[in-house]
Amino acid sequence: MAGHLPTTEFDDIPDELLDELESLSHERTEGHVNMVQLLDEEGRFHNGSHFSEHARSLSGEELRGLYREMAMIRRFDVEATALQRQGQLALWVPMRGQEAAQIGSGRATQPQDYIFPTYREHGVALTRGVELGELLRIFRGVSNGGWDPTETNFHLYTLVLAAQVPHAVGYAMALQRDAARAAAGGRDAGEPGAVVAYFGDGASSEGDVHESMVFAASFKAPVVFFCQNNQWAISVPAQVQSRIPLHNRAKGYGFPGLRVDGNDVLAVRAVTEWALERARSGKGPVLIEAYTYRQGAHTTADDPTKYRLSEEEQEWLAKDPVTRFEKFLRAEGHADDAFFADVAAEGDALAAKSRKDVLAFEPPNLAEAMGNVYAEWHPLVAEELAWHLEYESGFKDAEEANTSEGGH
Amino acid sequence: MPTMTLAKAINAGLRDALAADEMVLLMGEDIGSLGGVYRVTEGLKAEFGEDRVVDSPLAESGIVGTSIGLSLRGYRPVDEIQFDGFVFPAFNQITTQLAKLHARSAGRLTVPVTIRIPYGGGIGSVEHHSESPEALFAHTAGLRIITPSNPHDGYWMTRRAIESDDPVIVFEPKRRYWLKGEVDTTDPGASTDPFRAHVVREGTDATVVAYGPLVPVALAAAEAATEDGHSVEVIDLRSLSPIDFDTITASVEKTGRLVVAHEAPTFGGLGGEIASRVSERAFLSLEAPVIRVGGFHMPYPVAKIEGQYLPDIDRILEALDRAFAY
């Protein structure tokens, strides 16, 4: 397989990478920073950029699908927040405001791609076909995961900030090796895949993001770093994490980085598809900074009124990704009232089903959890498990005794 | 049966693992052309190529973190951490991610990553190059931790660690890298299970449990104890997680006395865990309290005084004297 993987010698002149980046035309300047935007805040489509052609190639069905998923995940998010307020979930991590960033990027992935989320990528989970109720197991306290990542290529949520980012790079290095082994063995490697590593503006300060970008650049790993800059790391503004727009950091590692309007689902989808295709074709990583806003709290345990102004929140509400896209669909004649009513009803049904699922979760089982600590037999676990079962069975005898006494 | 050093035996184990399974790959700092700072991976890059013997960027969290990703796709990465004191940038990845992924995925995912860490003192080195941090990892459920004391175990523990579907940390006693011994690469014999302790010297009056670099010291102490008429049994613990308490208990039931020796500080160390378990399992067999010999509660000292810090033959004999005083 030697020779099939990219060498760690520089076979790209960094200037070329920078030229490639500069050649991407930017439609919009936000705070003196270029940003890829196709739909403005009023939902008007702007042609003529590198990415507009891609967006224009989407069918009406695909466009409506993007709206449908954004609306569905927003409705789900409302329901999950309500479930927390009603005491049915210990915690919820709202994603309201980030629907375009998540649905747009998730829809850009192919089935063979692999996704490493943080703990807020509920929208991406939807695009990957994860049963949404499963996401709630974590927050109900019945599981640390709930879904099988190998079924959807959507990894478990990771709560330690940025810890999943090097996993993503390693997975991308595995894809390179899979392809090289297939080529060496004369086998069909199948469709090339790539990996998406999600993280936020807060996690961008973690050392694991730095190390990941070094590894990805050195080995030209097929990974897209997708940073949702939602402006706030709990209570600390993004400016504390970085004095320059985050996407600029890519230059220092030697791969392209760009900012996309994270509230423009068409731009996010187009940019992510470009980055993924670039990665799949062996050109290495890209950093996408999706410039968006967390409309709600960091988690339900948080109170944004303590650290940010309602004026700022109002400004961002005017850039809302879902209403913006609705305006576009209506203006372009892709959807009518009946469509939006159907989607709303479908969202209500999803919310009702998710609520039903949550309330029906089986309670977790400590013995089962003990059995999952190791893949292979472990004497200490076996000893403690036996003790636990015997101890618990003592209570069972007592309960049975109480029950039979109560029968008199 | 060939005779080789511990370093060469581990090298042979790595080579045979690479040859046996194309999913095995090595990753670490300077492990390629240089062959690692202790030359444990010498010649392997030339034989298996740079894609399977990967000179990584100088970033321990990145090494372990990317190895987790590789393992999720079926690969079996073997990471070299250059020195014991340099593992801590990867501590988060090892304890919050690697150790827990099988459990948090309800058993759906396996992460068969092996982490090799040269550890321990006695080589006159500079700060952070002589430490014994094994208890910090043994305290974390989900990890398996083994340590060879001789070349034959060095070979087979390397093979078994890589074959395991669980993450395994192999603590390699760096001052024993040049220790020679016979290695049978075709028959593991008693070394087939890396998680069992071995009685390496039979005795009747007291038991000394040691592991890794202190096994030869414990054997020498047992030999010296014969001059006082004491018959001392020596156990090579081999596995630090899980710990083979059955073998220790059986020995203590016979001898009635137990000394546990490790280079790591005694406070919060594995000696305390062994003492506690033995007192629970064999209290009535004990003629004396379990006595620990280990490092002091201080940062590993500078090289010129490490001899006063490291347990040696006399320190073990002194502990045996205390045990025999009861």
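Derivation of every value follows stated rules applied to the coordinates shown; laboratory data play no part. Given the structure is predicted, the values throughout are model-derived calculations rather than measurements. Quick reminder, even Gly has a Cβ in these numbers, built from the backbone with ideal geometry, and neighbours come from all protein chains shown.
Cross-link pairs exceeding 32 Å in C-alpha to C-alpha distance, out of A:K220/A:K353; B:K100/B:K254; B:K100/B:K304; A:K220/B:K100; B:K45/B:K304, comprise A:K220/A:K353; B:K100/B:K254; B:K100/B:K304; B:K45/B:K304. Specify whether the C-alpha gyration tensor of region A:308-399 places it in the rounded, prolate or oblate class, a ≥ b ≥ c being the square roots of the eigenvalues: rounded for a/c under 1.5, otherwise prolate if a/b is larger than b/c and oblate if not. The shape class here is prolate.
What residue among A:V260, B:L101, A:N153 has its Cα farthest toward the positive end of the dipole of the protein assembly as shown, where the charges are +1 on Lys, Arg and -1 on Asp, Glu, each on the Cβ? The one lying farthest along the dipole's positive direction is A:V260. So what is the 222 nm mean residue ellipticity for the protein assembly as shown from helices alone, if each DSSP H run of at least 4 adds -39500 (n - 2.57) and you divide by all residues, rounding to the nearest 500 deg cm²/dmol? Counting only the DSSP helices, I get -13000 deg cm²/dmol. By Kyte-Doolittle mean hydropathy of at least -1.0 and Cα axial length of at least 27 Å, which whole DSSP H helices of chain A are selected? Helices meeting the criterion: A:60-85, A:164-184, A:337-360, A:379-406. Dipole of region A:276-332 computed with +1 at Lys/Arg Cβ and -1 at Asp/Glu Cβ about the Cα centre; of A:A331, A:Q314, A:Y293, farthest Cα towards the positive end is A:A331.
Pair-distance distribution P(r) for chain B, from all Cα-Cα distances in 10 Å bins starting at 0: 6, 27, 34, 23, 8, 1 percent.
The distance separating the Cα centre of region A:81-123 from that of region B:230-265 comes to 51 Å.
Taking 24 Å as the straight-line reach from the Cα of A:K327, the lysines in range (excluding those fewer than 8 positions away in the same chain) are A:K319. Length available on full extension from A:K251 to A:R85: 0.36 nm per residue minus the Cα-Cα distance, which gives 55.4 nm. For chain B, the relative contact order comes to 16 percent (Cα pairs under 8 Å, sequence separation of at least 6). The DSSP beta bridges internal to region B:198-324 are antiparallel in roughly 20% of cases.
The mean number of Cβ atoms from other chains found within 10 Å of a Cβ in peptide B:48-56 is 5, as a whole number. With contacts taken as Cα pairs under 8 Å and at least 6 residues apart, region B:6-80 reaches a relative contact order of 35 percent. Roughly how many Å is it from the Cα centre of region B:39-112 to that of region B:189-213, as a whole number? That distance is 29 Å. For A:K356, project a label point 7 Å along Cα to C-beta. Then give me every residue of region A:310-342 with its amide nitrogen under 19 Å of that point. Hits in region A:310-342 for A:K356 at 19 Å: none. Cross-link partners for B:K174 among the lysines, with Cα-Cα distance under 16 Å and sequence neighbours closer than 8 places in the same chain left out: B:K8.
Compute the separation of the alpha-carbon centres of region B:161-188 and region A:55-78 and state it in Å as a whole number. That distance is 55 Å. The mean number of Cβ atoms from other chains found within 10 Å of a Cβ in peptide A:217-228 is 1, as a whole number.
Taking every C-alpha pair closer than 8 Å and separated by at least 6 residues, the mean separation divided by the residue count of region B:198-324 gives a relative contact order of 28 percent.
Classify region A:116-202 as rounded, prolate or oblate from the Cα gyration tensor: take a ≥ b ≥ c as the square roots of its eigenvalues, call it rounded if a/c is under 1.5, otherwise prolate when a/b beats b/c and oblate if not. The shape class here is prolate.
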